[in-house]
Amino acid sequence: MVDACGWEIIKNDPFLQEIAPHRHKLESVFGYSSTCVPSIVSGHWPDEHRNWCYFVHSPETSPFKFLSWLKWLPKAVTSRRIFRRWLTKLAKKKLGFKGYFDLYNIPFEHIDRFDFTEKKSPLQPKGMNRGTNIFDTLQEKEVPHFVSDPNQSEEANRDALAAHIEASDIDFAFMYWAGLDGLLHRVGNDSPEVPAKLRVYEEWIHYLYDLASKSYEEVNLYVFSDHGMANCDVHLDLKSVIETLPLTFGKDYAVVYDSTMARFWFFNDEVRQKITAALQTVPQGRIMPEAELKELRVHFEDHQFGELIFLVQEGVLIVPSHMGERPIRAMHGYHPHDAHSYASLLTNRPELTSEVTHIPHIHRLMEDSIEQQSSSYESHVCHRSAFTLAA
């Protein structure tokens, strides 16, 4: 999986056309990688697996009370990214979190009111908040496989996979390339650095594909993304809009300011009305209707992720936010129907049907490949007859 390699980025680029000529534009899910990746590996939607946004208001279950004392430190220190990275590593180790974790820009004076939803890794068996994923299937069917390690560099993961392919000791590989996402956040999707990065991935995937072709009779290649990326040309200080109201965070309401949406919890109806009225005056975004959230499969009856969701237009960045104090060049997490939200799928398999239209459907392709390999085992076909590379 090439993180953030959206359809708009590759549609006019010759990326992997020689070995993966069959291209598909896929609709993503509403949210960030925190929900896109779980949706891909599980084949389910956010309202089913309940991996949506990272931080939720839940004082009763917050594991971050031990960090509250940091509110006494100067913001000039606690808002620095280098400080947050260092503290994130310490907190993740102390809390035993196995998935992706980042404290981002959550204010320490309120951090004991929030819980974090990805305590397990969706890239491992039993890693979903609800349900199973492709790695449970691989384990259950005893399929020898490789999964890239998020704690290792892209080059280290590439070399580790290459060693397994050369040894012919695996039948399935799931590779997660995260570098393009970070690059796009920094330089935007119009930078010449973007096609240059695609050429690097192209070389690496060609190399792995050629290795596999020498060791296996058949190679199924699926190269896909979780979402796209849009340049951010408009900055919205939504926090200031809300804080001008005669309301108090923690007493009247709670909110998580993500990069492209704000998620609110209300402690009485009067507060709900005041914040709703204020949001309706902001032209850069809109309140998401319940019916639309249900249609997008991100409506949660218990309001775990928020009672009201305010979404900005594509190209607008909420800044400052709980994700960052300063602007970045590009972002994702807009409406799935916005042009730069669409993901991509490139493959050497010509038989894909029109049923593969959304990123959760990628799971079906991986599962079909596993079933094919399992049938080969049962039929006593050569153990290494087929190999699937999901990259």
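Any idea which of (1) in contact with a Gly (Cβ under 9 Å, 6 or more places away or on another chain); (2) under 24 Å from N231 (Cα atoms); (3) part of a loop (DSSP other than H, G, I, E, B) is the one F15 doesn't satisfy?
F15 satisfies every listed condition except (1).
Considering only residues of segment 224-248 that are among the polar types (S, T, N, Q) and either closer than 22 Å to I370 by Cβ or surrounded by 14 or more Cβ atoms within 10 Å (Cβ to Cβ) (or both), which is farthest from the chain's Cα centre (by Cα)?
By that ranking, first place goes to N231.
Out of T88, T61, report the one residue that is outside any strand (DSSP E or B), over 26 Å from L293 (Cα atoms) and among the polar types (S, T, N, Q).
T88
If I ask for residues that are of a type in the set (S, T, Y) and surrounded by 18 or more Cβ atoms within 10 Å (Cβ to Cβ), which ones from segment 346-363 would you list?
T347
Given L211, L221, which one is part of a helix (DSSP H, G or I), among the aliphatic types (A, V, I, L, M), assigned by TED's automatic domain parsing to the domain that holds K25 and surrounded by 14 or more Cβ atoms within 10 Å (Cβ to Cβ)?
Unique residue meeting the criteria: L211.
Pull up segment 258-287, narrow it to residues that are touching a Gly at 6+ places or on another chain (Cβ under 7 Å) and among the charged types (D, E, K, R), then point me to the one that is farthest from F305 (Cα to Cα).
Here the residue is D258.
Hey, any hits in segment 16-27 for a residue that's free of Cβ contacts under 8 Å to residues at least 60 places away in the same chain and closer than 16 Å to S344 by Cα?
yes
Return the total of residues in segment 29-50 being under 10 Å from the mean Cα position of the chain (by Cα) and not hydrophobic (A, V, I, L, M, F, W, C).
7
Checking the structure you have, find out if any residue of segment 183-200 is touching a residue at least 60 places away in the same chain (Cβ under 8 Å) and in contact with a Phe, Trp or Tyr (Cβ under 9 Å, 6 or more places away or on another chain).
Among the residues of segment 183-200, at least one is touching a residue at least 60 places away in the same chain (Cβ under 8 Å) and in contact with a Phe, Trp or Tyr (Cβ under 9 Å, 6 or more places away or on another chain), which makes the answer yes.
Looking only at segment 327-349, count how many residues are within 20 Å of L293 (Cβ to Cβ) and over 15 Å from the mean Cα position of the chain (by Cα).
Looking only at that region, the number is 2.
Pick out the one residue from P360, P350 that is under 30 Å from V143 (Cβ atoms) and modelled with pLDDT under 95.
P350
How many of the residues making up segment 97-126 are without any contact (Cβ under 8 Å) to a residue 60 or more places away in the chain and either of a type outside the set (A, V, I, L, M, F, W, C) or in a loop (DSSP other than H, G, I, E, B) (or both)?
Counting residues in segment 97-126 that are without any contact (Cβ under 8 Å) to a residue 60 or more places away in the chain and either of a type outside the set (A, V, I, L, M, F, W, C) or in a loop (DSSP other than H, G, I, E, B) (or both) gives 15.
Does N157 fit the bill of being of a type outside the set (D, E), farther than 21 Å from V56 by Cβ, part of a loop (DSSP other than H, G, I, E, B) and free of Cβ contacts under 8 Å to residues at least 40 places away in the same chain?
no
If only one of F300, F310, F305 is in a loop (DSSP other than H, G, I, E, B) and more than 18 Å from I111 (Cβ to Cβ), which one is it?
F300
Name the single residue, out of those in segment 265-308 being of a type in the set (V, I, T) and in contact with a Ser or Thr (Cβ under 9 Å, 6 or more places away or on another chain), that is farthest from D237 (Cα to Cα).
So, considering only residues that are of a type in the set (V, I, T) and in contact with a Ser or Thr (Cβ under 9 Å, 6 or more places away or on another chain), the one farthest from D237 (Cα to Cα) is V298.
For every residue, the table says whether it meets (1) surrounded by 19 or more Cβ atoms within 10 Å (Cβ to Cβ); (2) in the same structural domain as I134 (by TED's automatic domain parsing).
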site	(1), (2)
L26	yes, yes
V29	yes, yes
V41	yes, yes
P59	no, no
F64	yes, no
W72	no, no
F83	no, no
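Here are some residues: L138, L103, L161. Which one is hydrophobic (A, V, I, L, M, F, W, C) and more than 29 Å from E371 (Cβ to Cβ)?
None of the other options fit; the residue is L103.
Could you tell me whether any residue of segment 133-151 is in contact with a Pro (Cβ under 8 Å, 6 or more places away or on another chain), buried (at least 18 other Cβ atoms within 10 Å of the Cβ) and in a loop (DSSP other than H, G, I, E, B)?
Yes, segment 133-151 contains a residue that is in contact with a Pro (Cβ under 8 Å, 6 or more places away or on another chain), buried (at least 18 other Cβ atoms within 10 Å of the Cβ) and in a loop (DSSP other than H, G, I, E, B).
Out of segment 182-202, which residues are within 16 Å of S225 (Cβ to Cβ) and of a type in the set (A, V, I, L, M, F, W, C)?
Passing the criteria: L183, L184, V194, L198, V200.
The values are calculated or read from the model by the stated rules, or taken from the named source; none is laboratory data. Quantities reported herein were computed from a predicted structural model and do not represent experimental measurements. Here the Cβ is made from the backbone with ideal geometry for all residues, glycine too, and neighbour counts use every protein chain on show.
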